[in-house]
Amino acid sequence: MMSLMLLANIIGFVLGKDYSFNGWIGLITGLAVVLNLILVDQGRLTNYSWGILGCAVWLVIAINNRLIGDIAAQSFYLIMQFVGIAVWHRKISEQADTHELASRSFSKLAGFCWLVTTVIIYMVVLYFSKRLNGTQVYLDATLLPLGIVGMVLMVYGYRSQWYAWITLDVINVIIWFNQLKGFSPASASMFALQLVMLANGLYGAYLWFYGQKRTTTTS
């Protein structure tokens with residue numbers, strides 16, 4: 001799975017023929033994010049090392065493409081990498097029999113509260129995206145709220161995070177396809193990465209719901 005994902009990013013980079021600085025940044029972003037995602041799928045603490053690199057270089061691309069929601073989302077992700085290191089290290093240390101984080105579930109009421117939170121954050125981001133003349137504002141504004149929900153749930157080991165990530169991945173595929181049509185910086189590499197991330201989201205959801213050790217704790 002990792003080999004296919006890495007290969008898809010390299011092929012997207014070559015076919016895009018963007019060998020500028022932004023193009024190379026796009027390739028580095030794709031490779032770092034793939035390694036991060038595979039390790040997240042496995043519940044491995046080391047995912048955050050690649051996550052820090054991936055967020056940093058993705059932030060550069062988002063700035064160059066004037067994607068206001070994506071800029072906010074990647075800034076948030078970068079901060080949460082360090083929070084995730086602390087939380088996952090503590091939780092994994094409490095699990096004497098494995099080095100993988102055990103997934104958890106929460107109640108329907110908690111799920112509804114997260115949904116309401118997502119909508120509220122979306123409206124706030126949409127307002128600022130319009131004021132700042134962002135690109136694809138209605139789609140782009142979904143990235144931060146979905147990213148916040150997905151990242152917080154991931155840090156605390158909730159498998160429902162994958163609902164947020166898969167939705168976000170589908171939207172990102174649309175956004176970067178539109179950017180690709182406009183020949184935006186690093187768009188070919190980033191579009192290939194979005195397809196890879198969507199495939200990984202489905203794979204990760206399967207592992208966390210059915211293939212990983214998990215607890216029945218709800219909150």
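None of Arg131, Arg104, Arg66 is over 23 Å from Trp50 (Cβ atoms) and in contact with a strand residue (DSSP E or B) (Cβ under 6 Å, 6 or more places away or on another chain) except Arg104.
When the residues of region 102-121 are filtered to those that are among the hydroxyl-bearing types (Ser, Thr, Tyr) and modelled with pLDDT of 85 or more, the one that is surrounded by the fewest Cβ atoms within 10 Å (Cβ to Cβ) is Thr117.
For Val152, the conditions (1) more than 28 Å from Val87 (Cβ to Cβ); (2) under 12 Å from the mean Cα position of the chain (by Cα) are fulfilled apart from (1).
Within the set Leu198, Leu193, the sole residue that is in a helix (DSSP H, G or I), within 25 Å of Arg44 (Cα to Cα) and without any contact (Cβ under 8 Å) to a residue 60 or more places away in the chain turns out to be Leu198.
Scanning region 115-135 for residues that are touching a Leu at 6+ places or on another chain (Cβ under 6 Å) and not aliphatic (A, V, I, L, M) turns up at least one hit.
Condition (residue is more than 30 Å from Arg131 (Cβ to Cβ), polar (S, T, N, Q) and either out of contact with any helix residue (DSSP H, G or I) (no Cβ under 9 Å at 6 or more places or on another chain) or surrounded by fewer than 23 Cβ atoms within 10 Å (Cβ to Cβ) (or both)) applied to region 62-75: is it met by at least one residue? No, region 62-75 has no match at all. For region 111-154, the tally of residues that are out of contact with any helix residue (DSSP H, G or I) (no Cβ under 7 Å at 6 or more places or on another chain) and either of a type in the set (D, E, K, R) or on the phi > 0 side of the Ramachandran plot (or both) stands at 2.
State which residue is modelled with the highest pLDDT when the search covers only region 145-185 and only residues that are surrounded by 18 or more Cβ atoms within 10 Å (Cβ to Cβ) and among the hydroxyl-bearing types (Ser, Thr, Tyr). Applying the filter and picking the extreme gives Tyr163. The set of residues from region 201-219 being assigned to a loop (DSSP other than H, G, I, E, B) and either modelled with pLDDT of 85 or more or surrounded by 13 or more Cβ atoms within 10 Å (Cβ to Cβ) (or both) comprises just one member, Gln212. Note on region 36-60: among residues that are at pLDDT below 90 and in contact with a Gly (Cβ under 6 Å, 6 or more places away or on another chain), the one that is nearest to Ser103 (Cα to Cα) is Asp41.
Those helices (runs of 4 or more DSSP H) of region 1-118 in which at least 3 residues are without any contact (Cβ under 8 Å) to a residue 12 or more places away in the chain and under 17 Å from Tyr156 (Cα atoms), considering only elements entirely within it, cover 68-93. In region 123-144, of all residues being surrounded by fewer than 19 Cβ atoms within 10 Å (Cβ to Cβ) and in a helix (DSSP H, G or I), the one that is nearest to the chain's Cα centre (by Cα) corresponds to Leu139.
The values are calculated or read from the model by the stated rules, or taken from the named source; none is laboratory data. What you see is a predicted model; the values in this text were computed from it and never measured. Positions of Cβ are backbone-derived with ideal geometry, glycine not excepted, and every protein chain shown enters the neighbour counts.
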